Amino acid sequence: MAAAGGRAAECAAMAGAGLSVALLAAALMFAGAVLAGERRSSLVGGPVDIPDNDEGLRRALQFAMAEYNKASNDMYSSRVVRIISAQRQIVAGMKYIMKVEIGRTTCPKPATNLQSCAFHDAPQMAKHTVCNFVVYTVPWLNEIKLLDSSCQ
């Protein structure tokens, strides 16, 4: 009888160990799924958010604004009020995807240093617009292009 009791205890211990192994396996699978999800969001070639002070973003935005001002028939230059969102995508170069708010300045075109130009205060002259720009750059070839520009 003692042998039967020992076997029952042994079976219970094995069942408990089996449950522990199953729980451990489930936890590892869950952790793997979470990590895979994190890796998926930063795949090479996918757009990633970048800070407003990114040097490449600053150059791309300066180029986009110069192109915007050239194409605009407004007699005043516009400049960036704020960056709403900015992303960088590694392609055969760099693609910068930007959403910015721009405003009309007091500087007539062509303005050389837009950062020193104040925004119009008068409501009839002040004009703020939200624009989406996509700039493609290949720095090692000194190539830069405005791929898309749309403002509302």
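The values are calculated or read from the model by the stated rules, or taken from the named source; none is laboratory data. As the structure is a computational prediction, the values presented were derived from the model and not from experiment. Reconstructed Cβ throughout: ideal geometry from the backbone, glycine too, with neighbour counts over all protein chains shown. To get the accessible areas, we keep the full protein, side chains included, count just its heavy atoms, and leave off ligands, DNA and RNA. Shrake-Rupley method; radii C 1.70, N 1.55, O 1.52, S 1.80 Å.
Data table
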| read-out | value |
| --- | --- |
| Spatial extent of region 59-152: Rg and Dmax, with the Cα atoms as the point set, Å | 13.7, 45 |
| Peptides ranked, highest mean first, by Cβ atoms within 10 Å: ranges 94-103, 140-149 | 94-103, 140-149 |
| Solvent-accessible area, 1.4 Å probe, carbon plus sulfur percent, for region 94-152 | 54 |
| Cβ-defined net charge surrounding SER77, 11 Å radius [Lys, Arg +1; Asp, Glu -1] | +3 |
| Backbone N under 15 Å from the ASP54 label point (7 Å along Cα→Cβ), restricted to region 94-127 | 94-100 |
